Amino acid sequence: MLAVDRETAPSKTPETLPGEAGDALKQMGCWERFGALRFPVIAERSSTWGGPERQAISAVLKPYGLGWLVDRERFDAMLRDHARERGAVLLAPAHVRSFTASPPGWEVSVDDEVVRARWLIDASGRACWAARRLGAPPVRYDGLVGAYDPARFAGGEPARVRIDAAENGWTYEIVSAGSSAKVFFTDADLLASTGARVLPAHSQRAAHALGERWLAVGDALAAHDPLSSSGVVSALRGALGALDVILERDGARGRYAARAQTEYVDYLARRKLFYRAETRWPASPFWRRRADVPARG
Ligand SMILES: Cc1cc2nc3c(=O)[nH]c(=O)nc-3n(C[C@H](O)[C@H](O)[C@H](O)COP(=O)(O)OP(=O)(O)OC[C@H]3O[C@@H](n4cnc5c(N)ncnc54)[C@H](O)[C@@H]3O)c2cc1C
């Protein structure tokens with residue numbers, strides 16, 4: 001396997017990984033490596049959503065716990081090391097420039113070289129880079145962005161996550177060992193210029209999950225609202241399903257496409273319910289748009 005990434009390390013906000021991700025990490029054989037990173041566990045999630053009172057969920061009430069506070073640079077480096085150890089070749093920084101079908105696979109231009117591949121996997125994130133060129137441009141559901149002050153965040157225990165609805169969006173704050181990181185989410189056209197770093201955070205999915213010897217995984221397949229904290233776990237689960245397709249296991253293609261469809265329809269329905277629970281700012285364009293979000297994908 002050849003993996004090509006134009007970045008050597010992701011430049012992301014601190015993220016949370018739900019406890020359910022443990023199963024996918026075990027199946028991938030990197031649970032011990034993950035444990036060795038000793039990411040802080042999340043002790044409490046709380047929110048003011050739908051009313052001014054803060055509602056809290058404690059880790060002891062969830063069978064899998066509330067998950068971990070993850071530094072994506074270290075998390076992604078762990079996954080890359082694991083892949084290398086299993087025989088993958090990683091090129092970074094390197095760009096996939098173009099590709100052409102060359103049965104039974106593909107000719108792919110990576111910087112100045114051409115490589116031959118049996119399968120083409122689009123893991124390009126919201127850019128949906130290959131799927132777009134294969135006639136499966138993403139369907140986009142909103143214009144959400146996250147504005148973030150990239151000051152260094154120390155991270156440590158106990159980590160608490162706070163989500164607070166506001167008139168023109170919502171904030172996501174991680175408070176941990178005396179330091180905190182905060183991201184403000186709103187629609188791109190409603191964001192006042194603040195000097196903060198702005199990251200795309202809209203919901204979208206590829207028009208097709210897979211085609212002849214290509215498939216999309218992770219955000220390239222289906223990108224979620226960060227409110228759901230489900231982007232990484234869904235990317236890991238999707239990668240396990242993609243493996244079955246590439247190994248041409250019986251029925252794997254149909255299962256992959258059907259699962260992508262049902263999971264995203266469920267996700268859109270949950271997202272709609274969640275946003276509709278906040279009714280305090282009926283005149284705000286941000287909340288008005290979400291009072292009428294599509295429930296089907
Ligand atoms: C502000 C914010 C907060 C979030 N918080 C959480 C959270 O708390 N928990 C959670 O689970 N998820 C969270 N997410 C979502 C999570 O970041 C994504 O779901 C996850 O990173 C998807 O991984 P991916 O590998 O599919 O895509 P990405 O992480 O976007 O990686 C795609 C890679 O492809 C590379 N690439 C693209 N085109 C090319 C090309 N032509 N050639 C070479 N390389 C290319 C890019 O450089 C990039 O490195 C958050 C997202 C945002 C924006």
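The values are calculated or read from the model by the stated rules, or taken from the named source; none is laboratory data. Just so it is clear, the model here is predicted, and its values are computed rather than measured. Positions of Cβ are backbone-derived with ideal geometry, glycine not excepted, and every protein chain shown enters the neighbour counts.
Some observations on this one:
- Cβ pairs under 7 Å, 6+ apart, first in region 177-197 and within 12 Å of P150 (Cβ to Cβ) and charged (D, E, K, R), second modelled with pLDDT of 90 or more and more than 16 Å from the ligand (Cβ to nearest atom): none
- Yes/no for Y148 being under 27 Å from A196 (Cβ atoms), in contact (Cβ under 8 Å) with a residue 24 or more places away in the chain, surrounded by 14 or more Cβ atoms within 10 Å (Cβ to Cβ) and within 9 Å of the ligand (Cβ to nearest atom): yes
- No other residue among R33, R6, R45 is surrounded by fewer than 19 Cβ atoms within 10 Å (Cβ to Cβ) and either under 24 Å from D122 (Cα atoms) or modelled with pLDDT under 95 (or both) apart from R6.
- Taking the conditions (1) assigned to a helix (DSSP H, G or I); (2) within 15 Å of the ligand (Cβ to nearest atom); (3) in contact with a helix residue (DSSP H, G or I) (Cβ under 9 Å, 6 or more places away or on another chain) in turn, D81 satisfies each one other than (2).
- The set of residues in region 199-233 that are surrounded by fewer than 24 Cβ atoms within 10 Å (Cβ to Cβ), polar (S, T, N, Q) and more than 7 Å from the ligand (Cβ to nearest atom) comprises Q204, S228.
- Single residue of V198, V145 found to be part of a strand (DSSP E or B), at pLDDT 95 or above and not small (G, A, S): V145
- Of all residues in region 245-259 being without any contact (Cβ under 8 Å) to a residue 12 or more places away in the chain and assigned to a helix (DSSP H, G or I), the one that is surrounded by the fewest Cβ atoms within 10 Å (Cβ to Cβ): G254
- Some residue of region 87-97 being within 10 Å of the ligand (Cβ to nearest atom) and without any contact (Cβ under 8 Å) to a residue 24 or more places away in the chain: yes
- Residue in region 221-243 that is under 14 Å from the mean Cα position of the chain (by Cα), under 20 Å from E15 (Cβ atoms), aliphatic (A, V, I, L, M) and in a loop (DSSP other than H, G, I, E, B) present: no
- Only one entry of A130, A136 meets the criterion of being crowded, with 19+ Cβ neighbours inside 10 Å and either in a helix (DSSP H, G or I) or of a type in the set (V, I, T) (or both), and that entry is A130.
- Residues being outside any strand (DSSP E or B) and touching a helix residue (DSSP H, G or I) at 6+ places or on another chain (Cβ under 9 Å) - total across region 36-49: 4
- Candidate set from region 1-27 (those that are within 14 Å of the ligand (Cβ to nearest atom) and among the hydrophobic types (A, V, I, L, M, F, W, C)); member that is nearest to A151 (Cα to Cα): A9
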